[in-house]
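Here the structure is laid out as structure tokens; the discussion comes afterwards.
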Amino acid sequence: MCGIVGYIGENSASPILLDGLKKLEYRGYDSAGIAVFDGDNVKVVKSKGRIADLENKLAETGDLAGFVGIGHTRWATHGAPTDVNAHPHKGGSGQVTLVHNGIIENYIELKAMLETAGYVFVSETDTEVLAHLFAYYYKGDAVGAMRKVMQTVRGSYATAILTADAPDRIIAAKKDSPLIVGKGKGENFLASDIPAVLKHTRECYLLDDGEIAILTKSDIAFYNASGEPLHKDIYHVTWDAQAAEKGGYAHFMKKEIAEQPAAVRDTLSPRIHDGRIDIPELHMTDGEIRDIGKIHIVACGSAWHVGMTAKYIFETVAGIPCETDLASEFRYRDPIMRKGDICIVISQSGETADTLAALREAKRKGAHTISIVNVVASTIARESDDVLYTMAGPEIAVATTKAFSAQLCVVYLLALRFARALERLSEEEEAAQCAQLLKLPEEIQALLALDGDMAALAKQFSMANNVFFIGRGLDYAISLEGSLKLKEISYIHSEAYAAGELKHGTISLIEEGTPVVAVATQEALFEKTLGNIKEVRARGAKVIALVSGEHREVAEFADHVIHIPRASSMLLPSLAVIPLQIFAYYMALERGCDVDKPRNLAKSVTVE
């Protein structure tokens with residue numbers, strides 16, 4: 001959430017900054033701005049709304065001319081999305097210009113101190129406090145001032161700073177919020193994420209917490225939290241910039257739904273050889289796996305739904321007790337972790353603030369940590385004992401689709417690997433499961449043909465005020481994801497319930513015409529769920545039933561039936577989620593919503 005870009009070199013800064021900000025739109029924002037040194041002063045133009053609004057304002061005021069600048073997209077935390085609250089912010093008497101991602105937790109006390117010292121505030125933001133605080137400490141020594149700021153503030157930040165007395169450099173630092181430096185020839189770049197600089201360079205440095213960077217057009221210098229010079233290795237980006245473009249699709253979400261067969265294939269294929277699961281990144285021996293006491297899974301949002309699915313799978317397939325926690329709850333409940341416990345953290349970005357904090361809590365308590373992430377060399381990946389990458393490629397739409405599917409595949413692989421170590425799986429059974437896993441891409445590809453059916457259902461139900469999802473077991477876990485997809489991009493109120501809980505209160509919400517999506521793919525639970533379908537139908541619900549195989553009898557009690565192929569019960573979530581994603585997409589389109597950038601949401605949630 002929020003995005004930072006910076007440029008210094010021999011080219012015009014404004015177009016590069018604007019282009020970089022557009023590449024970061026997926027992070028979520030409600031205002032944008034840039035600052036450029038024009039040869040005399042650092043000029044700032046900023047606007048609430050989209051980058052297009054900023055471009056219109058630049059057209060009115062005149063483009064900012066200069067060769068060094070910083071830019072920002074803001075997602076409001078302190079203060080409403082307004083022109084005044086947008087970044088960049090000025091500090092001191094204007095000699096400091098700053099952009100910032102994150103939250104300064106002690107900003108109120110710092111603001112009081114700075115006001116007493118004579119500093120005047122014009123915005124409601126915690127970021128302006130950071131700008132004035134840097135000006136307060138700055139006496140010409142940029143690294144020294146940045147160190148004092150870092151020692152004074154509490155919270156999370158990635159920041160970029162220009163100073164009027166030395167306009168030939170950009171000062172940057174980070175803690176708990178991502179920041180990368182791009183190395184060019186005669187020019188250098190700064191950004192929250194690699195796509196913002198990939199058009200210009202594939203040579204990047206990944207800043208770690210507590211590190212400071214000073215960029216000039218010909219050099220990049222790094223310092224640790226003590227102010228000592230630091231050597232950093234270059235990270236060479238290997239993925240294609242075209243992967244982050246729409247490729248002819250109307251929306252990134254639609255493109256990413258269509259990319260799921262490839263994401264699943266690329267995640268599974270390298271880890272299956274000759275009918276055996278082979279995960280070289282997992283550095284646990286069979287003995288260590290047998291000694292696992294409990295699996296703790298922590299995640300947020302859709303990744304938490306993967307974790308909910310994983311709980312059923314690990315306990316059923318591997319026979320290991322498993323708890324799944326929301327990361328924001330795990331980190332504050334003083335979780336009990338014993339010798340032999342492992343903690344699996346799941347995050348698309350690898351930068352999710354609560355999940356990162358949960359990872360650190362698990363490590364502090366002695367658990368072996370395994371991360372499932374999509375972004376190579378992200379903070380969670382770097383801090384985990386083992387990291388299993390999902391090979392989904394860049395995911396731009398805020399609502400995750402292909403990363404979710406790839407995460408499920410890693411769960412399957414881990415469950416089977418654990419089951420083998422625990423001798424719960426014969427060689428023949430493992431080979432059969434591997435064969436089914438390798439069929440998933442083909443089966444998902446076939447389900448994409450439901451596009452027209454889902455579009456037709458969306459036309460019928462798009463004006464609904466409430467939509468409920470029900471399911472049991474693994475179907476309940478996928479119901480949670482289907483409901484989230486619908487609510488986050490169509491803005492329809494939607495909830496998912498364990499079908500067995502209907503009679504404990506939820507059924508009172510069902511009235512004539514209420515759409516209910518009943519996920520009933522698990523053969524062992526089908527009859528029970530069918531009973532729940534009858535209950536809601538008797539109270540006037542319009543039922544959309546999602547079943548595996550034929551199950552012709554369900555047509556008698558459902559208004560619409562969606563069929564997915566029969567498969568191993570463990571793998572059915574990967575198939576069931578596809579039509580639910582497509583349904584949500586078309587519901588959002590029918591309602592005229594911004595599919596890729598839903599209101600109030602961000603792709604990478606890097607603050608609590």
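The residue that is farthest from residue 568 (Cα to Cα), counting only those in the stretch 301-312 that are in contact with a strand residue (DSSP E or B) (Cβ under 7 Å, 6 or more places away or on another chain) and open to solvent by 40 Å² or more (accessible area, probe 1.4 Å), is 304. I'm trying to understand the selection: among the residues of the stretch 360-374, which are surrounded by 24 or more Cβ atoms within 10 Å (Cβ to Cβ) and free of Cβ contacts under 8 Å to residues at least 24 places away in the same chain? Within the stretch 360-374, none qualify. Restricted to the stretch 491-608, the set of strands (runs of 3 or more DSSP E) holding at least 1 residues that are open to solvent by less than 10 Å² (accessible area, probe 1.4 Å) and of a type in the set (A, V, I, L, M, F, W, C) comprises 515-520, 542-548, 560-564.
One residue is enough: does the stretch 232-250 have a residue meeting the conditions open to solvent by less than 20 Å² (accessible area, probe 1.4 Å), of a type in the set (A, V, I, L, M) and either under 22 Å from residue 395 (Cβ atoms) or part of a strand (DSSP E or B) (or both)? Yes, that holds for at least one residue.
Quick one: count up the residues across the stretch 215-230 that are of a type in the set (Val, Ile, Thr) and touching a Lys or Arg at 6+ places or on another chain (Cβ under 6 Å). The qualifying residues number 1. Restricting 272, 277, 292 to residues that are open to solvent by less than 10 Å² (accessible area, probe 1.4 Å) and touching a residue at least 24 places away in the same chain (Cβ under 8 Å) narrows the list to 277. Those helices (runs of 4 or more DSSP H) of the stretch 375-471 in which 2 or more residues are open to solvent by 20 Å² or more (accessible area, probe 1.4 Å) and closer than 28 Å to residue 549 by Cβ occupy 427-447, 451-461.
Here is the figure for the stretch 332-348: residues that are within 21 Å of residue 480 (Cβ to Cβ) and surrounded by fewer than 24 Cβ atoms within 10 Å (Cβ to Cβ) total 1. Restricting 40, 30 to those that are modelled with pLDDT under 90 and in contact with a strand residue (DSSP E or B) (Cβ under 8 Å, 6 or more places away or on another chain) reduces the list to 30.
The values are calculated or read from the model by the stated rules, or taken from the named source; none is laboratory data. None of the values given here were measured: they were computed from a predicted structure. Note that each Cβ is placed from the backbone with ideal geometry, even for glycine, and that neighbours are counted across all protein chains shown. We work out accessible area using only protein heavy atoms, side chains counted, and drop any ligands, DNA or RNA first. Shrake-Rupley method; radii C 1.70, N 1.55, O 1.52, S 1.80 Å.
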